[in-house]
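FYI, it's all coordinate maths here, none of it is from the lab. Fair warning: this is a prediction, and the values are worked out from it, not measured in the lab. Ideal geometry is used to build each Cβ from the backbone, glycine not excepted, and the neighbour counts take in all protein chains shown.
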Amino acid sequence: MKVLGFSPPFSDLLHSDPYAILTKNVQYGFYAGLTQVEGQRSHHLAFQEKKIDWQVWIEDGVQCVPLKLVITYKTLPGAPQFIAVFSHWDLAAPAPDGMFAANLPAGADRIAFQATANAEKKTKGGTP
């Protein structure tokens, strides 16, 4: 996503080692204690980075999966937040063959994403 100049919220969870990605820029973090998310007991952790604050709630159980994630963008006007609540985890469910394969209709053309202005400046050697 660096080529396009943005990362969708929560994309860090899609890495093979999300812990390494999520904690790379952390300046400060703390354990806020046990709480409930959608009726499930969870561990609440909070972290601060230079441009964002983020919180995660991890299931207090066998799977230890994330139940909720909140990102606050401190440097944007109004400090907007993106919130996701995760539910119905089934880590034993097999992924069918071809689940992530594109099934394009005949005659479909590939189109390129339009780069953001910041990405174009970086590509051309400018400063965003």
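So the values come out like this:
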quantity: Gaussian network model of the chain, Cα within-10 Å springs - most flexible of Ile58, Ile111, Ile21; calculated: Ile111
quantity: Count of lysine pairs in the chain with Cα separation under 19 Å (8 or more residues apart, or interchain); calculated: 11
quantity: Neighbourhood net charge (13 Å Cβ-Cβ; Lys/Arg +1, Asp/Glu -1) for Pro66; calculated: -3
quantity: Exposure proxy ranking, count of Cβ atoms within 10 Å, fewest first, for Trp89, Trp54; calculated: Trp89, Trp54
quantity: Kirkwood-based Rg to Rh ratio, segment 1-91, C-alpha trace; calculated: 0.97
quantity: Nearest-20 debye value, the chain charge dipole, Cβ charges on Lys, Arg, Asp, Glu; calculated: 700 debye
quantity: Most to least packed among 30-36, 9-15 [average Cβ atoms within 10 Å]; calculated: 9-15, 30-36
